[in-house]
Amino acid sequence: MDEAPGLSDQYRTASPWPVFVALGIPISELGLLFDLFPLAVGGLLLFTGSVAGMLRESGYVKSTMWSLAVLAGILFVFGGVLAFTDVNLVTRGYAVIVAGVLLLVGGVVFELFVRDQRQAI
Amino acid sequence: MEVNGQLALTVLMGIFLIAVAAWLARVEDWRSYTPLAGGGAVGSTEQYVSEEKPSGVIRWLTTVDHKDIGILYGAYGLIAFAVGGLMVVVMRLELADPASTLISNTFYNSLLTSHGITMLFLFGTPIIAAFSNYFIPLLIGADDMAFPRINAIAFWLLPPAALLIWAGFFPIPDVIPAQTAWTMYTPLSAGAGSGNQMNAGVDLMLLGLHLSGVSATMGAINFIATIFTERNEKVTWANLDIFSWTILTQSGLILFAFPLLGSAILMLLLDRNFGTMFFAVDGGAILWQHLFWFFGHPEVYILVLPPMGIVSLVLPRFAGRRLFGFKFVVYSTLAIGVLSFGVWAHHMFATGIDPRLRASFMAVSLAIAIPSAVKTFNWITTMWNGKIRLTTPMLFCIGFVSNFIIGGVTGVFLASIPVDLVLHDTYYVVGHFHYIVMGAIAFAGFAGIYYWFPLYTGRMYQVTLGKWHFWLSMVGTNLTFFVMVLLGYGGMPRRYATYLPQFATLHQIATVGALILLAGQIIFVWNFVQSWLEGPKVEDGDPWDLADDDLLTSEWHWFDRKLQTAVADGGEEEAELATDGGERIDDSQSSSDVSSDGGEPVDETDVASDE
């Protein structure tokens, strides 16, 4: 069996990811606009994590960790621009960077533990 | 206190994310290992293994099937229609007498703002997406949309968008509803001055609007990709159906218009929250009007082209002949699509912009009446000498044409600068565009809902209630909005909760009209829900007898296959062929009138292009 087959394996016309992609966008927007740190971090994690999951499920990428790493890289750049340039939205920038760090950690943990476990089964 | 708030938020967000992760892990296990474990995983048994979708609520949350998403869009659109409709009922009741008696002026302004945004962005666009999602893949012979998951994302962005747009009405401390009107003109919407529009409620509304724009753009990209790449090999550009053409054009308009709205909204949010000066110093208040209407006028055609497509598809089915001048209906669609980007400043004739600019926009605005008239004449000519069957969808199509003519002709006058300067910002404008959005767009939506009701529910609606719905809607629409045209001639300005006593009679007539509309829509909801649950089952793949006139389109072939391959459950009521009442007239006529109806088949080229 495939390493991490999609829900579509069984249910060809179902996927768990879209609803969370769609939830992640407004939550992160609210967090960033009103400077609510936890909402910004959580929303970005939900959004980027679901995007990575969906990319994996639909077969556009092979490795979940790498897509998470790329997404984290994008967050680092965006957060860096917010926090360290003339834009000067420091706490919002840090929120984005923290989300990137958590995402990267999540990717590594998934790669080291979860994926192997799955293969073992 | 501040730290406690952040802490609580962090804990809540953490719990939410863990819950999401746990749920996803369950779904993952369930999907991956059930086949091996023989049904041991959570909430699943072997019987699901070979099925296409999970069961229960999970099915609707996880579906990427275009038909399911179409139904979700439809349900969403109708709920938004009910909310927006009830808002305006409260407003019309307030307007039953000149003073401010029922609600406060500020609450009236809030309802006015939300009614417009709800109807345009949460009802209009989604209800069109409901039809296009369900039927475009069936009409063009595709398995599904080009990007099914993006399709699902586009839908699921809408419920949060609605919650944000309505957030001001919820009992959240310190948040009030936006009172900017749907056009959100600066400097009011930028929070300038001593008003209360600096409130977070306006920010939430802007975010919600932004989300709905993202959703529409995703949907548009998906439809363009689907119609270009997923067509069955038998479906060529030459025989692509009219509804797909209008959706393709609409998607192109969305692609150019909505990202601009999104950018303008972000600029407004930056002005409000981060100290930028886009609409204060840099471009001034007029910049917002240019950006907004560069989106806003194409938005009108985004909303009206697909309903025109529905009418172009449905009306010929009950006129017993193919659409007259099919090619010219397609050309006029494309022409409207192109011209729609060159008319935006006709909303700004009274702002004092350069008169030479004004004249050019007047010319293009008058010119866009030509392709619109081409369509109208083609619909009329399609019906001319046809074998008309006055079924409910057909009634709504004819109502569409009738109301579109009044809405269109009043619009031509507004396109003329001297007339516009007199009628600008009066009820004439409100009457004009409501003839289009309610009288035309919503009517075409109802035509589609009734026409395909047997297909997506497998049941037939109640014919008499359908007729009641049409006639109450037709009378209510014309009563309410024609009176508004008259009020505008009298000089009644738009957007006010109070008015001078001289306008009282006409306002009261408009309120009566709105209540008649309400009664019609209550009948519709009852008919829709009850018939879906308990209506007689449709046993025939061609419930409208379209095959007799060789007018069957591919979605009905699909429906017929579905009926034939369905497993007979045997436990249902007697097989009753359910038809609309208009059918009977046809039955009595079809045998005797066939040779003399004058609407006999047109030439071969037309036959080829309408299918």
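No value in this document is a laboratory result; all are computed from the given coordinates. As the structure is a prediction and not an experimental result, all values here were calculated from the model. FYI the Cβ positions are ideal-geometry reconstructions off the backbone, even for glycines, and counts take in every protein chain you see.
Summarising the label geometry, the points placed 7 Å from Cα in the beta-carbon direction at B:E233 and B:L486 lie 6.3 nm from one another. Rg and Dmax, both from the Cα atoms of the protein assembly as shown and both in Å, are 26.9, 84. Across region B:187-208, the residues whose backbone nitrogen lies under 20 Å from the label position 7 Å along the beta-carbon direction of B:T106 are B:187-206. With the simple spin-label model, which puts each label point 7 Å out from Cα in the Cβ direction, the B:A25 to B:A566 separation comes to 4.2 nm.
Remark on B:T63: its backbone amide H falls under 5 Å from those of A:S15, a criterion applied only to residues 5 or more positions apart or on other chains, H modelled at 1.01 Å from N.
Over the whole of A:24-31, what's the average partner chain Cβ count within 10 Å per residue? Rounded to a whole number, please. Present the calculation step by step, with values, prior to reporting the outcome.
Working: counts 1, 10, 12, 3, 0, 8, 5, 2.
Taking all residues of A:24-31 together, the mean is 5.
How would region B:235-322 be classified by its alpha-carbon gyration tensor: rounded, prolate or oblate, with rounded meaning a/c under 1.5 and the a/b versus b/c comparison settling the rest? The shape class here is prolate. The spacing between region B:507-552 and region B:415-438, judged by their C-alpha centroids, is 31 Å.
Amide H to amide H distances under 5 Å link B:K537 with B:E576, where only residues 5 or more positions off or on other chains count and H is placed in the peptide plane. Which residues does a label at B:L12 reach in region A:31-64, if reach means a backbone N under 19 Å from a point 7 Å past the Cα toward the Cβ? Counting backbone N atoms under 19 Å from the label point, the list is A:31-47. Among the listed pairs B:K67/B:K327; B:K67/B:K234; B:K234/B:K467; B:K53/B:K234, those with a Cα-Cα distance over 26 Å are B:K67/B:K327; B:K234/B:K467; B:K53/B:K234.
Each Lys and Arg Cβ is given +1 and each Asp and Glu Cβ -1; about its Cα centre, region A:7-120 then shows a dipole of about 280 debye. Taking the centroid of alpha carbons for each part, region B:452-466 and region B:268-316 are 36 Å apart. Chain B: percent of C-alpha pairs farther apart than 39 Å? In whole percent, the share of Cα-Cα pairs in chain B beyond 39 Å is 32. Overall, the protein assembly as shown carries a charge dipole of about 1860 debye about its Cα centre when +1 sits on the Cβ of Lys and Arg and -1 on the Cβ of Asp and Glu, all other atoms neutral.
Magnitude of the Cβ-charge dipole of chain B, K/R +1 and D/E -1, about the Cα centre, nearest 20 debye? All intermediate terms of the calculation are to be shown ahead of the outcome.
Working: 27 positive and 50 negative charges, 401 e Å.
Magnitude of the dipole: close to 1920 debye.
As I understand it, the dipole of the protein assembly as shown uses +1 on the Cβ of Lys and Arg and -1 on the Cβ of Asp and Glu, about the Cα centre. Which of B:V27, B:Q250, B:F453 lies farthest toward its positive end? It is B:Q250, whose Cα lies furthest towards the positive end.
For B:V525 and B:T183, FRET efficiency with R0 = 35 Å and r from the beta-carbon atoms, rounded to 0.05? Walk me through the numbers before you get to the answer.
Values: r = 30 Å, r/R0 = 0.86.
Plugging the Cβ-Cβ distance into 1/(1 + (r/R0)^6) gives 0.70.
Farthest toward the positive end of the dipole of chain B, out of B:M484, B:G77, B:V11, is the Cα of B:M484, where the dipole comes from beta carbon charges about the Cα centre. Within chain B, helices built from complete DSSP H runs that reach 27 Å or longer along their own axis (Cα positions) and carry a mean Kyte-Doolittle hydropathy of -0.5 or higher are B:2-37, B:66-94, B:200-229, B:242-273, B:285-317, B:392-415, B:463-490, B:504-534.
Taking label points 7 Å from Cα along the Cα-to-Cβ direction, B:I380 and B:S55 give a separation of 5.7 nm. Rounded if a/c is under 1.5, else prolate if a/b beats b/c, else oblate: with a ≥ b ≥ c from the C-alpha gyration tensor eigenvalues square-rooted, which is region A:7-120? Taking the square roots of the gyration eigenvalues as a ≥ b ≥ c, region A:7-120 is prolate. Using R0 = 51 Å, the C-beta based FRET efficiency linking B:A504 and B:L546 works out to 0.55.
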